[in-house]
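These notes are about the structure you will find just below.
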Amino acid sequence: MSLSTDQPQPGLKSCGFNDCLDILRELPILSGVPLDVVKVLAYLSGRESFDAGEALCEQGEALDRCFYVLSGEVEMARQLDACAVGLPRRGKGYFFGGLGLLAPAKALFAVRAVTDTECLVLTKEKFQKTAERFPDIWPKILGNVVGHVFRWEEAFLAAHAEECATTGEMGLSLF
Amino acid sequence: MVSQHPFIFEGSIKDNLLYSINARREAHGVDGEQGLPSLDEIIAVVQQVGLFADILRFALNSVFKEGKKEHLVKKVVRVREAYHAGHGESLAGTVEFFDPTRYLYYSSVAENLIFGTPRLPEFEPDKLTGNAFFINFLHEAGLKMLLMQTGAELTSRTVDILKDVPSPDATFFEQTPIMAEEFDAYRDLAFRLGRVRLHKLSPDDERLLLTLALRFTPGIHSIVTLSPILEGLLLSGRAMFADRVATDMPGAVTFFRREDYLYPMTVMDNILFGRVRTTSPKVLDQIQKTIVSLLIEEDMLERILEIGLDFQVGSSGDRLSGGQRQKVALARAFLKEPPILILDEATAALDNASQTRIQNLLENKWRGSSTVIAVVHRLDTITNYDKVAVMKAGRIVEAGGYAELMGKKGMLYELVHGSAPARA
């Protein structure tokens, strides 16, 4: 008889270790990172609840955690001078904050829970402690970030070709 | 004078706060209550320097001795009732209340079984595996082998995850019941578990497995999930254990009962009568604010704060943080209301919000009544001083009003802007 399963418990809104591991293994930023290291990151991740209206992160504050939305919905907003620019809402499966794990960064957006939201959260401190102990993962992660930048800019250039040609504001991938 | 590393002596916070006033009273041959500030005056100053929340926390973390403070104990139980009646429902997601019919996911297996506070040392959670009465109970309740199996699973999972982590520090042991210093022993045990069946393990290995299982807290140690079967058996075991203790060892445990004060627990735990599910500072702050409002309603806040003021700070204040020591020293100086106040980097250990609070206090409350001489390195705090003197190599090289010196674009300007002004 198995006493332990990875089924959620009624009194404990649980994301079991195996669920957590499955989620992290699918994240593009961790693509190619050895399973043993992803296991450690999954183990160090925790679940956090946010009430509707509560901020997951505020614009301008240190981005020191990454989030994966397990349930609920979040919205992003950027304050520009006196007006707030709303951005699309995201739901289950949305991941953000990965870049903040890699180096000091401040959030360019505020992210708030629109409904009661559950997230899987990994702190920068725990990520960095793991990465210090497994330095071989850095080239993989760097490669994933560079790949993401190129893909993003390619899609952006395709969608905003005329605008980019007019303003000349392009070329992040040339950094 | 308040220095960067102020003089704090062994005694209570109150003793330290009244030190300067008592020295002055002694010098003037004053005795009795004359010249001493009232409790309200002390609380007001404590609030001004930002020490109120610390003192309240010390008070709420106090443990009363049985038979002492009986009147207060009854009031705490009343606050508990008011707290549950007014906030129980809204806090259900945040606090796991002690309910005899429910499993506590944020308490250990041992705490779930005992469901009370031990009055005998052998019933302390870390002593249970050496307690023959308890082990016999586990066996008869049909729990011993199941818990050993849970212990084996916790061992295998933890060792599998952490076995290749070089020099894992305490962070890597926050989500497992295995402690850092025990890891090697459990790694060896994991190796043996692959070769020996559970019922053939040595008594020492059995003890190691039970130790882990009894520490297992599903809300924290998510590497293993508590099955509904084991949860049900543990709840039945809780009732059976209470019956056993009542029959065979009456008085060994004080069981959780809503109407009783739990002497071995803190005032805060007595009011909450449950375990907080989160470590989020925002949630904890909200809970504390709710408790403060209830203490005010029950006319208990002053009495509770008096308990906090009796907190023993330890040798040279080593039970206080650097910021708390500076706040105590500032409050001590403010209570004395001296005609001249010298601050030598007196807020250097405080966070930005506390520094701003003290600065506002100096600029508003003290302006016109005392002379404040402050030695500072943080130049954003000096803008409203009447006179600023810039020192270099032990000599004053520039002095005057802040605006005047900045207008001269001399040494102060250079310090504020980090460089000399550009010359035309």
Q.
So A:Gly143 ticks every box in (1) more than 16 Å from A:Leu30 (Cα to Cα); (2) surrounded by fewer than 16 Cβ atoms within 10 Å (Cβ to Cβ); (3) modelled with pLDDT of 95 or more but one. Which box is left unticked?
A. (1)
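When you scan the range B:336-371, how many residues do you find that are in a helix (DSSP H, G or I) and either over 17 Å from B:Ser20 (Cβ atoms) or open to solvent by less than 60 Å² (accessible area, probe 1.4 Å) (or both)? Write out each step before concluding.
Step one: filter the range B:336-371 for residues in a helix (DSSP H, G or I), giving B:336, B:352-364.
Of the ones still in play, those that are also either over 17 Å from B:Ser20 (Cβ atoms) or open to solvent by less than 60 Å² (accessible area, probe 1.4 Å) (or both) are B:352-364.
Adding up the residues that qualify gives 13.
Within 21 Å of the chain's Cα centre (by Cα), touching a residue at least 60 places away in the same chain (Cβ under 8 Å) and in the same structural domain as B:Gln286 (by TED's automatic domain parsing): which single residue out of B:Val79, B:Val49 fits that description?
Details: B:Val49 fails: in the same structural domain as B:Gln286 (by TED's automatic domain parsing).
Only one candidate qualifies: B:Val79.
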Q) Which condition does A:Asp36 not pass, out of (1) more than 13 Å from chain B (Cβ to nearest Cβ); (2) out of contact with any strand residue (DSSP E or B) (no Cβ under 7 Å at 6 or more places or on another chain); (3) surrounded by fewer than 17 Cβ atoms within 10 Å (Cβ to Cβ), if it passes all the others? A) (1)
Q. Can you tell me which residue in the range B:167-181 is nearest to the other protein chains (Cβ to nearest Cβ), limited to those that are open to solvent by less than 40 Å² (accessible area, probe 1.4 Å) and part of a helix (DSSP H, G or I)?
A. B:Thr171
Q: Would you check which residues across the range B:372-398 are open to solvent by less than 30 Å² (accessible area, probe 1.4 Å) and of a type in the set (Asp, Glu) and list them?
A: B:Glu398
Q) Yes or no: B:Asp164 of a type in the set (Asp, Glu) and away from every other protein chain (no Cβ under 14 Å)? A) no
Q.
Residue under question is B:Thr155, and the condition is that it be more than 11 Å from chain A (Cβ to nearest Cβ), open to solvent by less than 60 Å² (accessible area, probe 1.4 Å), farther than 21 Å from A:Gln128 by Cβ and not in a loop (DSSP other than H, G, I, E, B); does it hold?
A. yes
Q | Matching residues in the range A:62-78 - criterion: being at pLDDT 95 or above, over 22 Å from B:Phe172 (Cα atoms), crowded, with 18+ Cβ neighbours inside 10 Å and away from chain B (no Cβ under 14 Å) | A | A:Val69, A:Val74
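Are any residues in the range B:72-102 in a helix (DSSP H, G or I) and in contact with a Leu (Cβ under 7 Å, 6 or more places away or on another chain), and if so, which ones?
Our first condition is that a residue be in a helix (DSSP H, G or I); within the range B:72-102, this holds for B:72-87.
Across the range B:72-102, the qualifying residues are B:Val79, B:Ala82, B:Tyr83.
On the basis of being at pLDDT below 90 and within 14 Å of chain A (Cβ to nearest Cβ), does B:Leu104 make the cut?
Details: at pLDDT below 90: no; within 14 Å of chain A (Cβ to nearest Cβ): yes.
Taking the combined requirement at face value, the residue does not satisfy it.
Taking B:Gly142 as the residue in question, decide whether it is in contact with a strand residue (DSSP E or B) (Cβ under 8 Å, 6 or more places away or on another chain) and within 14 Å of another protein chain (Cβ to nearest Cβ). Reasoning before the result, please.
Working: in contact with a strand residue (DSSP E or B) (Cβ under 8 Å, 6 or more places away or on another chain): no; within 14 Å of another protein chain (Cβ to nearest Cβ): yes.
Here the answer is no, as B:Gly142 does not meet what is asked.
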**Q.** Answer residue from the range B:277-310, given it is open to solvent by 40 Å² or more (accessible area, probe 1.4 Å) and touching a helix residue (DSSP H, G or I) at 6+ places or on another chain (Cβ under 8 Å) and is farthest from B:Ala82 (Cα to Cα) among those
**A.** B:Asp310
Q: Within the range B:223-245, work out how many residues are within 17 Å of B:Ser156 (Cα to Cα) and open to solvent by 40 Å² or more (accessible area, probe 1.4 Å).
A: 0
Q | Filtered residues of the range B:182-238 (kept if of a type in the set (Phe, Trp, Tyr) and either over 22 Å from B:Lys163 (Cα atoms) or touching a residue at least 12 places away in the same chain (Cβ under 8 Å) (or both)) | A | B:Phe183, B:Tyr186, B:Phe216
Q) Does the range A:43-57 contain any residue that is of a type in the set (Lys, Arg) and touching a helix residue (DSSP H, G or I) at 6+ places or on another chain (Cβ under 8 Å)? A) no
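If we keep just the residues of the range A:102-128 that are in a helix (DSSP H, G or I) and in contact (Cβ under 8 Å) with a residue 40 or more places away in the chain, which is farthest from the other protein chains (Cβ to nearest Cβ)?
Initially, the range A:102-128 is screened for residues in a helix (DSSP H, G or I), giving A:102, A:124-128.
Within this subset, residues satisfying the condition of being in contact (Cβ under 8 Å) with a residue 40 or more places away in the chain are A:102, A:124-127.
Numbers: A:Leu102: 18, A:Lys124: 12, A:Glu125: 7, A:Lys126: 6, A:Phe127: 11 Å.
Selected residue: A:Leu102.
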Q.
I need the full set of residues from the range B:191-249 which are within 14 Å of another protein chain (Cβ to nearest Cβ) and outside any helix (DSSP H, G or I), in order please.
A. B:Phe216, B:Thr217, B:Pro218, B:Gly219, B:Ile220, B:His221, B:Ser222, B:Ile223, B:Val224, B:Thr225, B:Leu226, B:Ser227
**Q.** Residue, surrounded by the fewest Cβ atoms within 10 Å (Cβ to Cβ), within the range A:39-61, restricted to residues that are outside any loop (DSSP other than H, G, I, E, B) and of a type in the set (A, V, I, L, M, F, W, C)
**A.** A:Ala55
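Condition first: in a loop (DSSP other than H, G, I, E, B) and closer than 28 Å to B:Pro166 by Cβ. Can you find one or more residues in the range A:68-88 that meet it? I'd like the intermediate steps shown before the answer.
Initially, the range A:68-88 is screened for residues in a loop (DSSP other than H, G, I, E, B), giving A:72-73, A:81-82.
From what's left, closer than 28 Å to B:Pro166 by Cβ: none.
Within the range A:68-88, not a single residue is in a loop (DSSP other than H, G, I, E, B) and closer than 28 Å to B:Pro166 by Cβ.
The values are calculated or read from the model by the stated rules, or taken from the named source; none is laboratory data. The shown structure was predicted, so the numbers you read here are calculated from the model rather than taken from an experiment. In this analysis, Cβ positions are derived from the backbone assuming ideal geometry, glycine residues included, and neighbour counts consider all displayed protein chains. In case anyone asks, the SASA skips ligands and DNA or RNA and just uses the protein heavy atoms, side chains included. Shrake-Rupley method; radii C 1.70, N 1.55, O 1.52, S 1.80 Å.
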